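The next block holds one structure in the form of structure tokens; read it before the comments.
The values are calculated or read from the model by the stated rules, or taken from the named source; none is laboratory data. In this text, all values refer to a predicted model and were calculated from it rather than measured experimentally. Note: ideal-geometry Cβ built from the backbone for every residue, glycine included; neighbour counts use all protein chains shown. Protein only, heavy atoms only, side chains kept; ligands, DNA and RNA dropped before computing areas. Shrake-Rupley method; radii C 1.70, N 1.55, O 1.52, S 1.80 Å.
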Amino acid sequence: MTRILLQTTIEAVEDDWHIGRFSRLRDHLSSLPAVEVVVARDRGAPAGQTDPVLGGLAQSDFDQLWLFAVDVGDGLNAEECAAIGAFRARGGGLMITRDHMDLGSSLCSMGGVGEAHYFHTSSQDPDPERNRRDDVATGYIDFPNYHSGANGDWQTIRPVGEPHPVLRDVDGGVLTRLPAHPHEGGVGAPPSQPDARVIAAGVSAVTGRPFNIAVAFQGDGGMGRGVAQSTFHHFADYNWDPRDGCPSFVDEPPGSGMIDDREALRQTQQYVSNLAAWLSPR
């Protein structure tokens, strides 16, 4: 049986992306037969201080960490990054996600799965052609900000290379839909991590440019498996059903594709189920 920790990198703030805004993800994971418990929490210590759960992760009984880096650069300290690395070294599975520009850039110092994340100010995409705006409608958000559609709508994704188990549908086909977001972050397979490869890509609704959705780490040498995801909005309540609401600083008008087409929600939930199964291979 699998024990999963869902964790944000901020303290509980009502008008922000606190862990309560991922309740549909929590409930879906809790419903899976192979999942014993899901613990969902925000930081229990101010930025700079060590969160007691993250700091003790390697000694915990959790099998997976789903980390939502919703901070502005100060969400993880060196001790926490080291603890997450030790957790993966002892076989723990990681799903690590962030959002546009520098949102979640505390991941830069993590190493491993954290190296798959590209930001605006630091750890930029090694391809200079990628370091320019994609979404131009929201003027205060700069690259990386790939526009896959409105919050509340869904986007078409495609497998990269041999379809990864995370993308397999129950009928043997391939999943093709995930929630959309007006400004997704950037991810790529870091050359320093030979067990990493891009497994899914999307296409900008503005420029037509392809961009990476997910990078999978196989976990060679006894390491835990990992996935770097381009945006936490693939998992947020607001993106599964915009009627759930969002922080007041989100000002783009939402769509209704996820409500109108329940196949998109089914595929999203199957993607989540696949992630949970793949991250704990035993």
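What to note about this one:
- A Cβ-based charge dipole, computed about the Cα centre of the stretch 188-282 with Lys and Arg at +1 and Asp and Glu at -1, lands at about 400 debye.
- Between ARG266 and GLN218, residue separation times 0.36 nm minus the direct Cα-Cα distance comes to 14.7 nm.
- Average accessible surface area per residue within the stretch 11-76, 1.4 Å rolling probe, Å²: 43
- Options THR50, GLY73, GLY93, ranked by Cα towards positive dipole end of the stretch 1-125, top entry (Cβ charges): GLY93
- Projecting the Cα atoms of GLY111, ALA276, VAL136 onto the charge dipole of the chain (Cβ charges, centred on the Cα centre) puts ALA276 farthest toward the positive pole.
- Nitroxide proxy distance, nm - points 7 Å out along Cα→Cβ at THR121 and GLU36: 4.1
- Solvent-accessible surface of the stretch 131-282, averaged per residue with a 1.4 angstrom probe and all protein chains in place: 38 square angstrom.
- GLN59 sits among other residues whose Cβ lies under 15 Å from its own Cβ, and their net charge, with Lys and Arg +1 and Asp and Glu -1, is -2.
- Spin-label zone in the stretch 51-90 - amide nitrogen under 12 Å from a point set 7 Å from the Cα of VAL13 along the C-beta vector: 70-75
- Cleavage-rule hits (trypsin sites (Lys or Arg not before Pro)) in the stretch 171-279: DSSP loop, at most 16 neighbouring Cβ within 10 angstrom: none
- Cβ-derived FRET efficiency at R0 22 Å, ARG90 paired with MET1, nearest 0.05: 0.80
- Protein accessible area in the chain, 1.4 Å probe - carbon and sulfur %: 53
- With at most 12 neighbouring Cβ atoms within 10 Å, loop chymotrypsin sites (Phe, Trp or Tyr not before Pro) (DSSP) excluded, longest segment of the chain: 1-139
- For ILE213, the residues 5 or more places off, or on other chains, whose built amide H falls under 5 Å of its own are ALA200, ALA201, GLY202.
- Full-stretch length increase - SER256, ARG158 - with 0.36 nm per residue and alpha-carbon distance subtracted: 33.1 nm
- You can think of it this way: the chain between THR207 and TYR140 has 22.3 nm of extra reach, that is 0.36 nm per residue less the Cα-Cα gap.
- Beta-bridge orientation, the chain: approximately 50 percent antiparallel, per DSSP, counting only bridges with both partners inside.
- Listed residue (LEU25, TYR238, ALA205) projecting farthest to the positive dipole end of the chain, Cβ model: LEU25
- Here the chain is treated with +1 on each Lys and Arg Cβ and -1 on each Asp and Glu Cβ, and its dipole about the Cα centre works out to around 780 debye.
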